[in-house]
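Worksheet for the structure shown next.
The values are calculated or read from the model by the stated rules, or taken from the named source; none is laboratory data. Owing to the predicted nature of the structure, the values given are computational and were not obtained by experimental measurement. Cβ placement follows ideal geometry from the backbone for every residue including glycine, while neighbour counts extend to all protein chains displayed.
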Amino acid sequence: MLPRGIKPGRPQVWTRRQLIDGIRWRTRTGAPWRDVPERYGPWDRAYDLFRRWQRVATWARIITQLHAEADAKRLITWDVNVDSTVCEAHQHAARAVKRGISRKSRPAESSSSRPTMASDPPEAG
């Protein structure tokens, strides 16, 4: 499932396996990239590999293929469970109509685009 390297020549100091393990460690722990342990290679090399594969959708392809293989072997149970205990009302729901009682509308705003001052003459209208 992993893409093959395209650069011929001298072997890399850090194996791709070490870098992938560093990426897995970082995503599992949620730690910053700079905190990836040195045994997985330099953090910036792991980050570069992660971003390169993210840009070309390699990670999405790997996950899709792993899901498909696990589903074919009946290793995944596709149950959906919705728990409403964490649902919250939107901030604008406070002004919603409740039980047939609605708030009266506010008076229309002044047509002037600037605030009026006490020294301003009254508007004709």
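Here is how the numbers come out for the structure above:
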{"item": "Filter result (under 14 Å from residue 3 (Cβ atoms) and part of a loop (DSSP other than H, G, I, E, B)) within the range 17-67", "result": "56, 57"}
{"item": "Residue list for the range 32-77, restricted to those being surrounded by 12 or more Cβ atoms within 10 Å (Cβ to Cβ) and under 11 Å from residue 19 (Cα atoms)", "result": "36, 37, 40, 41, 42, 43, 45, 46, 47, 48, 49, 50"}
{"item": "Qualifying residue in the range 82-100 (condition: touching a Leu at 6+ places or on another chain (Cβ under 8 Å) and modelled with pLDDT of 70 or more)", "result": "no"}
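To keep it simple, each residue is scored yes or no on (1) among the hydrophobic types (A, V, I, L, M, F, W, C); (2) modelled with pLDDT of 95 or more; (3) over 17 Å from residue 24 (Cβ atoms).
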residue	(1), (2), (3)
36	yes, yes, no
41	no, no, no
49	yes, no, no
52	no, no, no
59	yes, no, no
66	yes, no, no
71	no, no, yes
74	no, no, yes
77	no, no, yes
